[in-house]
Structures are given as structure tokens and as C-alpha cells.
1. Are any residues in region 41-95 part of a loop (DSSP other than H, G, I, E, B) and either in contact with a Pro (Cβ under 9 Å, 6 or more places away or on another chain) or buried (at least 18 other Cβ atoms within 10 Å of the Cβ) (or both), and if so, which ones?
2. Can you give me the number of residues within region 50-69 that are more than 14 Å from the chain's Cα centre (by Cα) and of a type outside the set (Val, Ile, Thr)?
3. Would you pick out the residues in region 28-40 that are farther than 15 Å from Ser86 by Cα and open to solvent by 20 Å² or more (accessible area, probe 1.4 Å)?
4. State the number of residues belonging to region 19-36 that are in contact with a Ser or Thr (Cβ under 8 Å, 6 or more places away or on another chain) and part of a strand (DSSP E or B).
5. Scan region 204-215 and report the pairs whose first residue is touching a residue at least 24 places away in the same chain (Cβ under 8 Å) and whose second residue is in a strand (DSSP E or B) and surrounded by fewer than 17 Cβ atoms within 10 Å (Cβ to Cβ), with Cβ atoms within less than 7 Å and a gap of 6+ or a chain change.
6. Looking at the structure I just gave you, is Gly161 open to solvent by 10 Å² or more (accessible area, probe 1.4 Å) and free of Cβ contacts under 8 Å to residues at least 40 places away in the same chain?
7. Which condition does Asp43 not pass, out of (1) in contact (Cβ under 8 Å) with a residue 40 or more places away in the chain; (2) within 18 Å of Ala295 (Cβ to Cβ); (3) touching a Ser or Thr at 6+ places or on another chain (Cβ under 6 Å), if it passes all the others?
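The values are calculated or read from the model by the stated rules, or taken from the named source; none is laboratory data. Bear in mind that the values here come from a model prediction, so they are computed numbers and not experimental data. Every residue, glycine among them, receives a Cβ derived from its backbone with ideal geometry; neighbour counts consider all protein chains shown. Accessible surface is based on the protein model in full, side chains and every heavy atom, while ligands, DNA and RNA are left aside. Shrake-Rupley method; radii C 1.70, N 1.55, O 1.52, S 1.80 Å.
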Amino acid sequence: MQNERALSSPPSDGVSALRFTPDGLLLASSWDSALRVYDVQADEVRACFLQPSPLLDCDALTDGQHAVSAGLDGAVRLHALAGGDSTTLGHHDGGVRCVRQASGANVVVSGGWDKSVKLWDVRAPTPCVSTHEQPDKVLALCAGTPGSTSSAPLLVVAMCGRLVHLIDLRMPAEPLQRRESSLKCQTRCVAQMPDGTGYALGSVEGRTAVEYVDPAAQDKKYAFKCHRAVVNEADAVFPVHAICFHPRLGTFATGGGDGLVNVWDAAHKKRLCQFRKYPTSISALAFSPQGDAIAIAASYAFEQGEKPNRPSDSIHVRQLTDKELRPKVRAA
């Protein structure tokens, strides 16, 4: 396709996360224990940080010079993108499922299968600022949106048992709100709106929920089916593996186990477009800093167990148009 191309040197095993740096480099963490840094325009790997265990997540820091990664071995690591050095900030007592730099706060946040959230100051000699026990394993978290217009350092933590905590990072010891997901099955991913007023949750049942932070705005929340199909005259349900909000518009994209990417208008509850079908599951998504492109990881996520001859992992970068992204204005 003219508006899309696949990167020529993808990871050799499952892609766990994609994130853009502020200057447009693309980070990819994967189960082959590597964090790769891509120059998308040149289609080349700028750096590759090999780690002792598979990586479950990554994020770019706002300084544009560093990235963080989360490992199955419980380690949270800092990587210097220019110098090629990696430093272990510290450990969880189990695998670290997610790691994010918080918008509006100068901290990195990690959530682990050891039922804890940790805050890190990457500049400090002792980086771990604090540890906060959670009621269950952390499955996903978000700490703002790249380019966010919100100054509130809000953390959304999704856990087993459909638990969701909203945490003010200025007072992280006690959640602002304790919630239960409106989705009936386990949460797979979560992402915040750019203005900080709400967030979207994706679940293993092929549904997405749009929620709002303000307790007085709960009448606005809703949930919908998004990655489902009829296969051989039977309903097939596919997990929602990835959600990302456009950095400026109120639209967001979902990627599922059906190999499809959908773009949604959150305010009007409409699907704007659906991209072509990819050869396998969509495991990760990321909008570029300007919002004019989206990175898509097509990587089997083992929803249906081990498969012989499964498609190779690939990363695609798609240039976007206003028609695909911009909410439609209703006629008066």
C-alpha cells in the first residue's frame, strides 16, 4: 500500500509494545528480549538493547534521550538512546507488566504481577521513590497521553478481578477512586484521553469501555463490541490487545486478535474507519507525536494457543488522513 510500509528488521518474537519518542523514533519491546529503536523514515534500527529476559513493555522519556523497559525478570531498566548504555533502576518481585513516564509529573511508573505499583526518579542515585501495594496483579496502566493537554498527573491502574484504581501521583498512597470495570471479562489494555477527562479500557471479550474521571459524569460512560466476527456461522470473539488515543483529537484506535485496527470517535460513539486486515493479531499500537501516522504491530498473541506455521512478526507504519481520524461534524 502506498500509504503504509512494513519495517524491514522486525523483532524475531512477539512484539509487546510500541512507543514513539518525542522526535519520532519508534521503540519496540518484544519477547526476544530486545528493545529496538527504529528510524522510521530511514527504515533502519538505530539501536538494539539486548536484555536478560523477555520485555513486556517500554516507553520513551520526554527528554528524547532515554527510554525505559519492563522485563519478565522483574527489572525496570533505563536506556540511553544515543550512548547504547542500559541501567537497571530496580526490581519488582515478579514480572513487570507495564511501565510509563507520567504526564505532568517527573516520574516513571511501573506495575507488576507482584501486586505493586512503583514510582521511579531516573535521575536519583536511589531511583525507587515509593512502592504502593495493590489488591491484585497489575494488568495494564496509563499515566497520561503523549502530548497531553492535561496537567493533572493521573494514573489509571487496571488489575485482575476487573479492579480499576485512579491515583493522583502527587498523593499516590491512597487512590482517588476505586472502581470496577464495566466490562465483564479481564482487562487487557487501558489508555487515557489527551485532556485527562477519561480513559478507555479493552478486554479479552472483544469489548471496549469509555469511562470518565469525574464522578458526576458517569452518565456519559458507555461500552461497545469492537473485535468480533461471524466465523463458520458462529460468533467469534477476539481480545482487544491495544488502545491508543490520538495526541490532539478525541479519536482513538483499537487493535484486536482478529488482525484488525479500528478508529473510533469517542464523543459520537461511531467508528470512523477500519484498516485492512493484517495476517495475525494486532499486539500493539502507537500514534506518532504529530498524529499523522500510526505504528501497528502484527504479532500473534496466542489467543488460540500454539499454532504451527504462524505468520512472522511485523511492524507497519501507516500514514493517516483527516478522513480516517477527524470526528465527523454533524449537520445542524
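1. Correct list: Gln51, Pro54, Leu61, Thr62, Asp63, Gly64, Leu72, Asp73, Gly74, Leu81, His92, Gly95.
2. Residues flagged as more than 14 Å from the chain's Cα centre (by Cα) and of a type outside the set (Val, Ile, Thr) within region 50-69 amount to 11.
3. Hits for region 28-40 are Trp31, Asp32, Asp39.
4. Going through region 19-36, the residues in contact with a Ser or Thr (Cβ under 8 Å, 6 or more places away or on another chain) turn out to be 20, 22, 24, 27, 29-33, 35-36.
Retained after the next criterion (residues that are part of a strand (DSSP E or B)): 20, 27, 29-30, 35-36.
Adding up the residues that qualify gives 6.
5. Close Cβ pairs (under 7 Å, with a partner that is in a strand (DSSP E or B) and surrounded by fewer than 17 Cβ atoms within 10 Å (Cβ to Cβ)) amount to Gly206/Lys225; Gly206/Arg228; Arg207/Phe224; Arg207/Lys225; Thr208/Phe224; Val210/Tyr222; Val213/Leu166.
6. So Gly161 passes the test.
7. (1)
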